[in-house]
Each structure stands twice: as structure tokens, then as C-alpha cells.
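Engineer: Input: one structure, supplied below.
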């Protein structure tokens, strides 16, 4: 078959959080290269169901790289070998005929496995709940154009705000740190006037929550930014540190 | 169709008195409110965490109500609103181009082909300005000009620039704004958040919605939740077609649960087919990817003028960039000079289908047209274009391996860039649960907001209006109107979930799950869903006829039988079972598919996204029949999914706008 490849999938299977997991190897034949990687998993699941077996559980939803639901550690990389793309934006053309592709869940103390490749990322929500917002009640906002914001700052805030909360940074980090995730949100608000009044409280609360939930600390390795599907920059962490030091100095 | 569709009494949409521009002000001035001490005693279930659900849950929490908020994903931030690309409309007139609340209202009613409820649309246009203020206050990083003020662009169906945007990720930024407000309420304890929970049924007590049965998707166990009112914000039903731009998890089950409890389903035939999606590539495809409508600001849509060129393209002998300017047919600019490439979505989609049906399609399946940036790149330079659409170009390249920003040829001194290939795909559903002006369904205490209600877009939605409606409903409309309902509920104590109504509802849901597990057939959920999707696309898609719709109803009946007798769900109910979750959703997609077909069959006219081939002008434009179909079609459940529903009509009354034929030509 033209433009189709065959490959093996070595996939982590784990029935429940309590049970022990293991790798299983499956074979997929003649998969067209314009198939997405998750569609290849769909094909595998259809084959498993046909055999009466349980399909591989994995998180996915929008399949266009924006919801942050998909995860997967593929061949040693969060979201696979492509850069600046999520697993759902990964296509079979990225792989070689005959290759064995290893697929694991995110590995982090803060992300317990739920089933197979699916993990619990609730800790990320909890960090946001600790302070990732502007305390503003609906209604009573002034006119949207009342405060001019420089385009440079707005664009930079937008780059930070592009974080999709997938947790790849945590999975990539040897310390299991969520520093890039926290830094993206802190930076977005640090760059905008709306975020200023609560800036100090925010950075302390979010970092404290991150530590409390069992994430590791940052040692500036940079694996997070290298693997981030949204290219969130390491400079966000510098800004976070600056914000934190300045907040602590005022204590 | 064993049963004759019968028509019964008219229904009350509770539209306030007075001129259209004063209705909402009058309503707010005279509605009943709930005082702060009583708000603390009232519980509200909000199902869904998209723009409508998250903004409603956050706002109700801020007001002091106790909110139980559910989502099927692992976090409220994943809801599919996040994927909206283009922008959000507001009638700010920041660009001094003649915009006003009235013009946004007018454009929306006209864009909806005069099938929306006038009073609701006016209110939507009115609160649009509050939304952009609200979002900026939350720290949403909208695009700005160098002077520091907000930037705007245009989308289809408008002659002004009123769309606010954050790169091609506006839905993401607005949703994260709502999510951040929601997080603040979760932290304060006013909102309880239930992730990976799916609503299975609404629990009724004495004729009012008083709770829900939800499945914990991790444990596969049913749980009971009581409240004083239930709000569903669960999105549209586009995935009935299997392939759509919706996320994989988007489903219609919560809406169908409401429908089975007596909530009317309005205008299901109004399905939006978006013109700019990446064409289908094969049978394994799981979803279709949208390329933002904003691309039509600078992109020009074309097919070859010469059928021979089209044949060569289909055979792969030449590429789009080999065809010079004079041999390209920019058919939207040709047919609709006044709006050109920015005609509304329904018009653009049908025009693409018309060209492809005539043999001018440009890919191997003949089901694609070009979207070309050569002219814009030559005029503005690649840097400006990349700044505007860079992320969309990258997304397109990742999927198709073609870079639309790459120069591909120079013919007679003109540079040509690789065009994108696009084709229409199911994107949004204008129909939905019927609601009155207060966003309450025909079931007391049950409200529907966002895409899952029918209210504001008529037969076709304009670009950048979905985000506007979701946030309008959630931030500014429901938090007011729900108080009018709750004001006399303050003495109603909390219901125990041990009541027989909860017991019965849970038992029924459990039985349904057991039945699905017990079928023991041979077919997977997806294989049957794909079959349903093909029937829907082929017979209830862009062009519908009486015959195609009757065929669809026959075929869906067979699909239901196949589902009920030959489905196979592996695994057990001892823990997470994703196939069982999908089977539950497919059961409801089948009923939804029938509902769409019934409505499309009944509506013997063409309007907006609903195109009946029997009803078109000589030029191929949609031909409405205002004399016979100037109404909202409300479908009432008849006690069994296999029985045809009953039709109830809500007549439309226009006071401010003269109903006329839609014209985008001059």
C-alpha cells in the first residue's frame, strides 16, 4: 500500500489505580500516513473490541490541539516527537515503517493513573483555584477600552495565556515540577494592569499550592519549555521568580 | 412514521411588553429578585462548563447561590468552547464604521434568515457590549492596536468590524476567563465542581426539575444530586453526524434527557455547515478540523473556471498554484459582489457544494475548493499575513503537510502561494432545547443556555456570535431570569435524594446501562455511529429533499434496530468503561437524528442552514415560505423514542424588522 506503514505499539495497560500496570504490544498494519496518531489508536481499539477485549483508555477531546485533554508519553516525549504540537496533532507520517512506538501515561507523583493511559490532573485545577484569576464579579466593568494596554504587553500576555493546561511540562520535568504551568498564568496577569492588585498574593498562593500537591521544584533544566506543545517560553519562569522574590521582599 | 404528526396549542414565550429596544430593561426593572440571605438557601445544578455553563456557574456563585457544576472532561477548562477560533462580536462601534446595537441585532436576525425570536436577539445585541467589558476586566488578552486600544476584524454577514479576538484562540481565552472566575468560586466554596461526571437524567418532583442522576465516569457508578433548579449548558448536537468539528465527547444526551422529560426540542433541522474545514481524508477519520472563518478576511475562495483544469487537479496532474489568476473562478465574489468572500456560512457552504456538484472540485475526491492567500501576501507581505493567521497556517500544515504561506510558483510575474483546500463540515447547531425569554424550557425549573438552547440564531448563526450568545446567557441573562423563577422557591426546603423520585430515576438509569451491557452483539459503538453519520450527511445534510428525508427515517430505524440487537460493549461496570459511555451517547444520537429528519421533512421551505432542494430560486438561493413557516417548530416527546414526536408551533412576531428576502449581492 502506498503512503501506509505498519508498526508496533507498546502500550501501558493498567486496569485501575490500585492494580499493577504492564506493557502490552500490539501490531497495526497498513495505516495510511495521513491518519492521526489518535486515529491509529482508534483503529487499534476497534480491533480490540472486535476480539472482545477492552479498548485502551486515553484522554482526548477536541482533537485540534487546544483543549489540553490529550496527553501520552510517546517514544520518550510528552505529546510525541513533533514540536509545538499536541498528541492529537501528531500524524502517522512522523513514524517509520516497522517501528515500535512506546506509549505511556504522564508519569508524575501529582498525576495518579486512572486507567491505562489516563491520569488524574486535578492538581492543576487546584493550583488555578489557589489564585489564577482576577477577583472581579460579573457586571459593573468599565468600558473595555478604558485602559489602553501596550500591544507588546498584550501580545506577550497572550503568549503566556496560550497554555492549554495539558501537564506535558510536569511529565517532561525530572523533578515533576509544574513551574512552567504556574509561570504561564502568573505571567499573563503580571503583564496586564488587571492583574496587578493581586499579583503578590497570587504568586505566593499558587506556588504554595504547587508545593503542597507534591509537585517538585524547578532546577532550570528547561525540558518543560522544550516539550511544551504551545511553546510557552522559559522566560515565564524567570518572571515568576522575579514576581515571587518581589512579593516575599514585601512580607 | 406510524403516527400522524399532530399540531396542538400555541405556547407562551413570555416576551415582555414594549418596544423591542426596551423589553430587556423593562424586564429587569420588574422581575422578581431573591435577597442575599435566601440565595444562600437555594441550590442550582449547572451541567456543562463551556462558555455558557462556566460563566453561569461562576456568576450564580458570586451572587450567593450554591452551585453544583458538572463536566464530562477531566477539568472544566476542556469544554469545547475552547476550540472557537475567530472571535466575539460586540456592538461597540470602536472602529467608527457605523455599528450600533440595532445593526448587530439586525445583522443577526437577517443572518438567521428571519427565523430567530426578535426580542431575544435584541437582548443579545444589547448585552454584547457588557461581555467585552467583562472579559477585559478578567484579564482576557484580546488583540490590541499599537495605540493600546482593542483591535477588531470582520466575519461573515457583517459590513462592519465588530469582532474582538485573541489570535485564532478567542474561544480559549474567553473560556479560560470564565474558568478563572469559576475557580474563584470553587475556592470560595460557592461552586462545587464535579469533573468526569455525565448527567444521565433529570429528576422531577411534582412537575418541576429538582435534581439529576449523574454517572461518575471514573467509577461507572450513578450518583444523585438535588437542587432547586437545573440548568443545562451542554452544547449542540453536531456529533449526530459522526464527523463534525465538535470535540469527540460532545453529545446530546443531557438535552435528550430533558426532551424525554417534556422539554420541547426546537428547530432541530437548523444545523450549521461551516464552509472552511479541512476536507475528509478517509474512512479512519475521527473528526473534521475547522479553519477559522477569519481567514476569509484575506483569503479568497476559488475553483478553476475551466472544467479541464478541475479534472487535472482531481487526477493530481497539476496543483492549484499552477493555475493563473485569469483562469480562477472566485465564485463568491462573482455571485455576491457586496459581501464577497464574507457571505454568511450557509451561503458560502452551499456555493461550494454547487461548484463541486458541477465537477469543479479540486482534490482527488472532487469535494474541496481552494482558499487562497496569494493576493493578500502579495499586497501585505508574508509577515503581516503570518502575524494574523500564523497559528492557523501551522495547524493546516501539520494536518495536510502543505504550507499555505509557501511560494509555489510565479506565472507572468505574479507570485502564487500554496492554496489551502477546504470543504464544508457540520459545525454548530442553531436548533436546541426550546426556551422562553427567561431561558426556561417547557419544564418548570429546567433552564437551557448556550448552544444547547435554540433561541438566538434563527436558521443560521453568524460568525463570532456563538461566543457572544454563550457568555450573554451565562453572565448576563440567566443569572437575572432564574431569580424570577426562584423567588417563590425560597421556602422550599432542600430535597433528600432518598426520595422515591430519585430512587426510581436511578433505577431506570441503571437498568438502561445493564441493557446496553447485555446486548452482546458484534458491532462496536463507533461502527454504528459512523453508519448513522453517513446517513445523516448523505440524506439530511447540505441539500435535503422530501425523498431523502423519508429515506433517512427508514434507514435510521434500521440503525436503531442494529444498535439494540447487535451492539457489543466490552468490559464491565466495575470501573471506568468508555465504550459504555459512548453507547449511552449513541442511543441518544439516534433519536436526535430522527428528530432532525422529522423537522427537516416538516419544514417545506429553505432557510439558513436548512436547504430543501425543492424550494430554491432560479439562481439556486434559498426560498423561504413566510406565509406557512414563520414559526419555531417545537417537538414534543411522545413517551417512546420510536414514536414520532408531536409538533407545536410558536409563531414569530416581528415588530422592529421588516421580514424580507436575504440579499448579500448588493
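No lab work stands behind these numbers, since they all come straight from the coordinates. Quick caveat, the model's predicted, so the values are computed rather than measured. We place every Cβ from the backbone using ideal geometry, glycine too, and count neighbours over all the protein chains shown.
Engineer: Quick check on the protein assembly as shown: of the DSSP beta bridges with both residues there, what percent are antiparallel, nearest 5%?
Structural biologist: 70
Engineer: Within 10 Å of each Cβ in peptide A:220-231, how many partner chain Cβ atoms are there on average? Round it to a whole number, please.
Structural biologist: Counting other chains' Cβ atoms within 10 Å and averaging over A:220-231 gives 0.
Engineer: Assuming 0.692 mPa s and 37 °C, estimate D for the range A:4-114 with Stokes-Einstein, Rh taken as the Kirkwood radius over Cα pairs, in µm²/s.
Structural biologist: The calculation lands on 228 µm²/s.
Engineer: Angle between the Cα long axis of helix B:525-539 and the longest principal axis of chain B, 0 to 90 degrees, nearest 10?
Structural biologist: 60
Engineer: Related question: Provide the FRET efficiency to the nearest 0.05 for the residue B:375-residue B:97 pair, computing r from the beta carbons and using R0 = 30 Å.
Structural biologist: 0.85
Engineer: Related question: How would you rank B:28, A:20, B:305, going from fewest to most other Cβ atoms within 10 Å of each one's own Cβ?
Structural biologist: A:20, B:28, B:305
Engineer: Multiplying the sequence separation of residue B:318 and residue B:626 by 0.36 nm and subtracting their Cα-Cα distance, what value in nm do you get?
Structural biologist: 106.2 nm
Engineer: Next question. For residue A:249 paired with residue A:142, estimate the spin-label separation in nm (one decimal), with each label point 7 Å from Cα along the Cα-to-Cβ line.
Structural biologist: Modelled inter-label distance: 2.8 nm.
Engineer: In which sequence would A:50, B:562 go, from the one with the fewest C-beta neighbours within 10 Å to the one with the most?
Structural biologist: Placing the least packed residue first, the sequence is A:50, B:562.
Engineer: Need one word for the range B:163-254: rounded, prolate or oblate. Basis is the Cα gyration tensor (sqrt eigenvalues a ≥ b ≥ c); a/c below 1.5 gives rounded, then a/b vs b/c decides.
Structural biologist: oblate
Engineer: Using just the helices of the protein assembly as shown, give the 222 nm mean residue ellipticity in deg cm²/dmol: DSSP H runs with n ≥ 4 each add -39,500 (n - 2.57), and the total is spread over all residues, rounded to 500.
Structural biologist: The helix-only estimate for the protein assembly as shown comes to -11000 deg cm²/dmol at 222 nm.
Engineer: Let's test the formula: R0 of 30 Å, r as the Cβ-Cβ distance of residue B:357 and residue B:407. What FRET efficiency results, to the nearest 0.05?
Structural biologist: 0.40
Engineer: Let me ask you something else. Once the Cα atoms of helix B:382-400 and of chain B are each reduced to a long axis, what angle between those two axes, in degrees from 0 to 90 to the nearest 10, is obtained?
Structural biologist: Helix B:382-400 and the main axis of chain B meet at about 70 degrees.
Engineer: Okay, moving on. Obtain the nm distance between the two label points defined at residue B:602 and residue A:10 by a simple spin-label model: each point lies 7 Å from its Cα along the Cα-to-C-beta direction.
Structural biologist: 5.9
Engineer: So how much slack lies between residue B:492 and residue B:283, counting 0.36 nm per residue of separation and subtracting their Cα-Cα distance, in nm?
Structural biologist: Result: 69.9 nm gained on full extension.
Engineer: Against the longest alpha carbon principal axis of chain B, how many degrees, from 0 to 90 and to the nearest 10, is the axis of helix B:345-357 turned?
Structural biologist: For helix B:345-357, the angle is close to 50 degrees.
Engineer: Fewest to most neighbouring Cβ within 10 Å: what's the order for B:347, B:659?
Structural biologist: Least crowded to most crowded, the residues run B:659, B:347.
Engineer: With labels modelled as points extended 7 Å from the Cα through the Cβ direction, what inter-label distance (nm, one decimal) is found for residue A:93 paired with residue B:499?
Structural biologist: The modelled label-to-label distance comes out at 5.8 nm.
Engineer: Compute log10 of I(q)/I(0) for the protein assembly as shown with the Debye formula, placing one identical point scatterer on every Cα and leaving out solvent, at q = 0.06, 0.09, 0.10 Å⁻¹, to two decimals.
Structural biologist: Rounded to two decimals, the profile gives -0.37, -0.91, -1.17.
Engineer: Apply 1/(1 + (r/R0)^6) to the Cβ-Cβ distance of residue A:226 and residue A:102, taking R0 = 22 Å, and write down the FRET efficiency to the nearest 0.05.
Structural biologist: 0.70
Engineer: Which one, A:134, A:203, A:182, has the greatest fluctuation when you compute a Gaussian network model over chain A with C-alpha springs under 10 angstrom?
Structural biologist: Checking each option, the largest mean-square fluctuation is seen for A:134.
Engineer: Also, I was wondering about something else. Can you give me the three principal axis dimensions of the range A:122-249 from its C-alpha atoms, in Å, biggest first?
Structural biologist: Principal axes ranked by extent give 45, 30, 27 Å for the Cα atoms.
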